[in-house]
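Read-outs: derived from the displayed coordinates by stated rules, not from any lab. Nothing here was measured: the structure is a model prediction, and the numbers come from that model. Reconstructed Cβ throughout: ideal geometry from the backbone, glycine too, with neighbour counts over all protein chains shown.
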Amino acid sequence: MTFELGDPVDPRLPWVRTLSNLDAAWRTTGTGTRQRTVERAGRTLGDALRSRPRVVSVRTLPTSAAPYPVRFAFNGTVPTLAPGAMLVIQNRSLLVQVRTDDGIKNVLFNPTDGPTNQAAPFYARLIAKTPRFLKQSFVPKPNRCAEQLAAFGLSCADIDVIAFDHFHTQDVRPLLGGDGFTARFPNALLLAPRVEWNEWDDLPMIQRAWFVPDGKRGVPESRVVLTHSDLSLGEGLVLLRTPGHTTGNQTLFVHGDGGVFGSSENGTASDNWAPHHSRIPGVKRAAKQLDLEVILNANTPELAAEQYTSMLLERSMVDRVPGKPEFFQMFPSSEVTASVIAPHIKPTHSFFEMTSGAVVAPATTAGASRAAE
């Protein structure tokens, strides 16, 4: 199977092209039929991805840790002593370098700005009622992206494209500028699913707690490329629609040294995609009782059936974990981490990072060229 490539999404990004391989599968009617059709199509597309060249390099850049309700992380399957019990998730971004006809490009996935994401109503309310002695443990540290990139011989000005799996808790003003903020990534363009970007202005009630209300206010339109399809982002890298968790949810799939892996927040641990092999209390039992193949990260459940389909797609695209073939190489963008507030909840398999290839620096002069225009 070959990639069914369409036009570039923007004249400034001739190397980012639409990808239509899964379009027909997503149009299938009937939820059960669509799930299996999407899963089969994903398996074929995954084979096509791994048959093509690998990305140049991948590096994991930790951002911040945050408390998160246990009942959401595993869709209520894990027993707790209190309804509001929390665990800790570690947010991580990915730096991916890809070869294109326009040279090597730098893609940054999920560069969450820890301090500003506290303005999401859920976290603002949580902070307000948390005792001071506990609050200090979860104050996000200042963003370290500049020094993290510098360790690889890159700067923030070298980033060509930014994308997020979804916009929960995100504030893109510090990244792109506008509304009094200076752009951290002066030459990058943001790939934003049109449906979710527009919905940010008038959110469904069940989503409101998770979006920073002013998180895109004043961001120059010229810095945002609105998308509506799956995308090919150069050799070895695709960004696929995985709706459900949000309307514009998407997953990054990378062909690296260890095969194909994906990254999203549809799940918060390896266990979400392989619940029948989970050692987290309650997950395996619930999967067997309810005949579930995946367990959702379910803080926004209004599109649960679509999210379930998307997680089946993710599993079908990626390779298995080397040495642990019962688990899929789905790297949670916010991964559950063992902590003192939830010592009994630890992923059966933890990824911590995904690494591939050797970083090339300086990777491209395209960003500098755009800045001079």
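Summarising the label geometry, the points placed 7 Å from Cα in the beta-carbon direction at ARG43 and LYS129 lie 4.6 nm from one another.
Site pair ALA151 and PHE352 shows an inter-label distance of 1.3 nm when each label is modelled 7 Å from Cα along Cα→Cβ. When shorter helices are ignored and each DSSP H run of at least 4 residues is given -39500 (n - 2.57), the per-residue value for the chain at 222 nm works out to -6500 deg cm²/dmol. Taking 0.36 nm per residue of separation and subtracting the Cα-Cα distance, full extension of the segment from GLU221 to LYS324 would add 32.6 nm. With R₀ set to 41 Å, the beta-carbon distance separating ALA82 from ARG50 gives a calculated FRET efficiency near 0.40. Applying a DSSP loop filter and a limit of 15 other Cβ atoms within 10 Å to the trypsin sites (Lys or Arg not before Pro) in the stretch 270-328 leaves ARG279. If you count Lys pairs in the chain whose Cα atoms are under 24 Å apart, skipping same-chain pairs closer than 8 places in sequence, the total is 9.
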